[in-house]
1. Tell me which residues, restricted to the range 1-53, are among the basic types (K, R), assigned to a helix (DSSP H, G or I) and closer than 22 Å to R84 by Cβ.
2. For residues in the range 173-191 being of a type outside the set (S, T, Y) and within 12 Å of the ligand (Cβ to nearest atom), which is farthest from E288 (Cα to Cα)?
3. How do the pairs read when you match residues in the range 182-199 that are within 11 Å of A252 (Cβ to Cβ) with residues anywhere that are more than 7 Å from the ligand (Cβ to nearest atom) and assigned to a loop (DSSP other than H, G, I, E, B), using Cβ under 7 Å and keeping only pairs 6 or more apart or on different chains?
4. So which residues in the range 198-251 are aromatic (F, W, Y) and touching a Phe, Trp or Tyr at 6+ places or on another chain (Cβ under 8 Å), if there are any at all?
5. Can you go through L472, L460 and tell me which one is crowded, with 17+ Cβ neighbours inside 10 Å and either among the charged types (D, E, K, R) or not in a loop (DSSP other than H, G, I, E, B) (or both)?
6. If you take the residues of the range 259-275 that are touching a strand residue (DSSP E or B) at 6+ places or on another chain (Cβ under 8 Å) and hydrophobic (A, V, I, L, M, F, W, C), which of them is surrounded by the fewest Cβ atoms within 10 Å (Cβ to Cβ)?
Amino acid sequence: MRKSTALAIEISAREREPIFLALARSIISEIERGRLKPGAALPGTRSLAQTLKLNRNTVDAAYHELTMQGWLATEPSRGTFVARDLPEVVKSDAAAHGLHLQAPVNSNVPRILLKFSDGAPDARLLPTAAFAQAFRRALTSTNFTHGGSYSDPAGNKSLRENLSAYLNVERGLIASAKDILITRGSQMALFLAAKAVIEPDTKIAVEQPGYPLAWSAFRAAGAQVVGVPVDEGGIDVDALETLVKRDRQLKAVYLTPHHQYPTTVTLGAARRLRLLELAKRYNLVIIEDDYDNEYRYDGRPVLPLMARSGTELPIIYLGSFSKLLAPGIRIGYAVAPPDILRKMTLHREAIDRQGDLPLELALSDLLADGTIKRHARKARRIYHARRDFLAELLDNSLKEYGQFSLPAGGLAIWFKLNQGDAKGWAECAARSGLSVLPGSHFELDKTRPAEAFRLGFATLNEAELTRAVQLLIKSQQ
Ligand SMILES: Cc1ncc(COP(=O)(O)O)c(C=O)c1O
C-alpha cells in the first residue's frame, strides 16, 4: 500500500483534554465515518505534524494510543495503517456524540486477536525469494512469451510432468501427465469430480462430520449429499455398505482417508481394503481428497487408496498446494481414469478456459529444482514441533475440560470436550479475542450440539499458541 503523505483533519480539543487525545479522537471519527478504510496508510508522524502544525511527539503519542487500542497497526519499515480487521464502516452514535476511546469496534463485533485456523499452513514460511525468481523466469520464458496465450485446459504440460514425478516418488502414484488435470485449488476439482460422475438424482456419500465446502461443491454440481458416520477408525464402511445396498442412486463416496477432516484420524488398513471391495462390488466412484499429504509425523507412510488400486477402480484422487504452500496460491489437481478426466476437463474448460500459466510454469520449476520438496521438509519439521507444543499445552492446561488423540499427521488437533457445547465456548472465546471452530461447523446437521473443537496449530508459533490457549481458558472463567 502506498504511504499517504497528507491528511487534512480537524482537531477540536475539549477543556483540559491533551491535544494528542483530541487528535486520536479525530482519527477514530474519520475511521468510523469510512473516510479512512481498514488497511489505509496514514501519513508519517513528521508529515502529519507539519500538516496539522503540531509537535511531532504529539502525533507520535496519538498514533501510539490508537495502536494500543487496536485502531491502527504499525508495520516495521512500512509505516502506520488503519487496522485491517476493522469492519468497513463502524459509524457509531458514540462517534457522532463525542469521545469514544475505549473499544476499537462496535460492541457486537469482537476484536479477534488470534485464530485457531481449521488447519491452514503458515504463509510466513513460504520460500518467497525462490517463488519470485521462478515467477520472473516464467514471465520471461519463451513458454510464456511465445505460447502465453490460450493453452491446454488440463494445465501446463511441464507442470503435469513434474507433478507426476513428484506424486510417484512421494505418494506411490503411477500417473503420467495425461492422467492429471490441474485446477484452481482442489475446490474446483471437487466440483468437476461431481460433475463428471453425476446423473439425474445422483447421491454422493460424505463423511459426517466432514468438509462443508466439498458438500457445497457437490450440491452445486447437482448431487445430493448423504452423511456416513465417522469414528476413531475413520469412515464407517459398514454404514456405507448399508446405504449403498439400500439406495442405488448412491454413485460415489467422498472421503479424506489420510487425515480425516475434521477429526484427523487415518483410515485403517482393514477399512481401506473393505472400501475398495465395496467400490468394486457396487460400482462406486471413490473421490479421495488427500489435501495435506506432506504432513505425516509419526509411523510409516500411508499411501493413498489410489496408489493401492491402480487404474482398476474409478478413483478420483484430489490434491492441493494450499496446505503445502498457501491457500492463496490456487493450484490443485485431480488424477483420474481417462474417461472421467476427459469429462472433468471439458467441464473445466466450460467454466474456466485454463489455469494461470505463469503460476503453473513457476510451480513446475520449483518442483523440478527441489524447492518444493525442501520446503515440505522444513514445514513438516516446524509443524511437527508446533503439534507437540500445542499437545503439551492442552495436556497441561485443558485436561480437566476434554481430551484428544495426538494426530499422526495433518495441521490440526481435534479436541473433544468432556461436557458442554463447544459452540458456547467458541462464542465466549470470540469475546476474549480468539477465533476457534466448534464441531458444529463440520456437521451436516448444524443444530447438533458441538462436542469438539478443531484446533489448527500450523499458523501459530509457540508464543502465539501459548496466548491462544490462555485466551481459550480465559473464556471459560
Ligand atoms: C478437506 C480439504 N480439502 C481440500 C482443501 C483445499 O482446498 P483448496 O485446494 O481449494 O484450497 C482443504 C482446505 O482447507 C480442505 O480442508
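Read-outs throughout are calculated quantities, based only on the coordinates presented, and are distinct from any laboratory measurement. These numbers were taken from a predicted model, which means no experiment stands behind them. Reconstructed Cβ throughout: ideal geometry from the backbone, glycine too, with neighbour counts over all protein chains shown.
1. Filtering the range 1-53 for residues among the basic types (K, R) gives 2-3, 14, 16, 25, 33, 35, 37, 46, 53.
Add one more test, that the residue is assigned to a helix (DSSP H, G or I), and what stays is 25, 46.
Answer for the range 1-53, where residues must be among the basic types (K, R), assigned to a helix (DSSP H, G or I) and closer than 22 Å to R84 by Cβ: just R25.
2. Applying the first criterion (of a type outside the set (S, T, Y)) to the range 173-191 yields 173-175, 177-182, 184-185, 187-191.
Retained after the next criterion (residues that are within 12 Å of the ligand (Cβ to nearest atom)): 182, 184-185, 187-191.
Working: I182: 16, R184: 17, G185: 15, Q187: 13, M188: 14, A189: 11, L190: 10, F191: 13 Å.
Looking at the filtered set, the residue picked out is R184.
3. Listed pairs, sorted by first residue: A194/A221; A194/A223; I198/A221; I198/G222; I198/A223.
4. So the first thing to find is which residues in the range 198-251 are aromatic (F, W, Y), and the list is 211, 215, 218.
Those that are aromatic (F, W, Y) and touching a Phe, Trp or Tyr at 6+ places or on another chain (Cβ under 8 Å): Y211, F218.
5. Numbers: L460 fails: either among the charged types (D, E, K, R) or not in a loop (DSSP other than H, G, I, E, B) (or both).
Only one candidate qualifies: L472.
6. Here is the first cut: in the range 259-275, the ones touching a strand residue (DSSP E or B) at 6+ places or on another chain (Cβ under 8 Å) are 259-268, 271, 275.
Now drop any that are not hydrophobic (A, V, I, L, M, F, W, C), which leaves 265, 267, 275.
Values: V265: 21, L267: 23, L275: 25.
Here the residue is V265.
Every residue, every condition in (1) surrounded by fewer than 20 Cβ atoms within 10 Å (Cβ to Cβ); (2) away from the ligand (no atom under 15 Å from the Cβ); (3) in contact (Cβ under 8 Å) with a residue 60 or more places away in the chain, yes or no:
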site: Y150; (1), (2), (3): yes, yes, yes
site: E207; (1), (2), (3): no, no, no
site: V228; (1), (2), (3): no, yes, no
site: G233; (1), (2), (3): yes, yes, no
site: E241; (1), (2), (3): yes, yes, no
site: D247; (1), (2), (3): yes, yes, no
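For every residue, the table says whether it meets (1) surrounded by 22 or more Cβ atoms within 10 Å (Cβ to Cβ); (2) touching a residue at least 24 places away in the same chain (Cβ under 8 Å).
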| site | (1), (2) |
| --- | --- |
| L363 | yes, yes |
| G370 | no, no |
| A376 | no, yes |
| R380 | no, yes |
| E392 | no, no |
| I413 | yes, yes |
| A429 | yes, yes |
| V436 | yes, yes |
| E443 | no, yes |
